[in-house]
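Step one of this worksheet: look at the structure below.
The values are calculated or read from the model by the stated rules, or taken from the named source; none is laboratory data. Because the structure is a prediction, the values reported are computed rather than measured. Note that each Cβ is placed from the backbone with ideal geometry, even for glycine, and that neighbours are counted across all protein chains shown.
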Amino acid sequence: FCVNVRELKTIVNALERGKPLVVVGTTSTRTLESLFWLGVKRIRGLSLGDNATNLVLEQFEWIPLSVGDGKYISAAESLKALIEGKEDDDMISGRTSLMITPNSYKFRVIDHLITNFHAPDSTLMLLVSAFLGKQTNIKEIYEGAQARGYRFLSYGDSCLFSKPGMRLPSEK
């Protein structure tokens, strides 16, 4: 991943003002969630990877980071820790192997997800299932979309999913 500091500052500003974060795509979702955990690592004084410009988050590294004070670090606080001392035009880059799966991962940054309909056996589908939570039957959503003629995969139709309990500003 490679993210502009100016964009992260915009995201932090929105989070601090209580604005819901609508993210386009599973890659952007995974990047922002990974940046959250990298910020937690920085706050805890842990190594961030190969060097200061190549951040690394391993597949299940978020699990030990999510206990103790990791439970109480806000998304804004975590992202601020990553951009502290950086100029707007600087870039934050690295790699992530973050695996987001249902029944174990709690999303820390995003509130709404715009994405296309993914293949049923993909890790992308696991991320969407995790995002929607246990109470949502993803299979029913996909069957309904198929019955209505929605197209799937990269050149298909997109949809808007909201984290359980979150409403779009227009629905308040």
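Summary table below
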read-out: Residue within region 26-33 that is under 15 Å from the mean Cα position of the chain (by Cα), among the aliphatic types (A, V, I, L, M) and surrounded by fewer than 21 Cβ atoms within 10 Å (Cβ to Cβ) present; value: no
read-out: Matching residues in region 13-25 - criterion: being surrounded by fewer than 19 Cβ atoms within 10 Å (Cβ to Cβ) and not in a loop (DSSP other than H, G, I, E, B); value: Asn13, Ala14, Glu16, Val22, Val24
read-out: Flag if Gly25 is modelled with pLDDT under 95 and more than 25 Å from Thr115 (Cβ to Cβ); value: no
read-out: Tally of residues being farther than 16 Å from Ser78 by Cβ and under 14 Å from the mean Cα position of the chain (by Cα) across region 105-122; value: 4
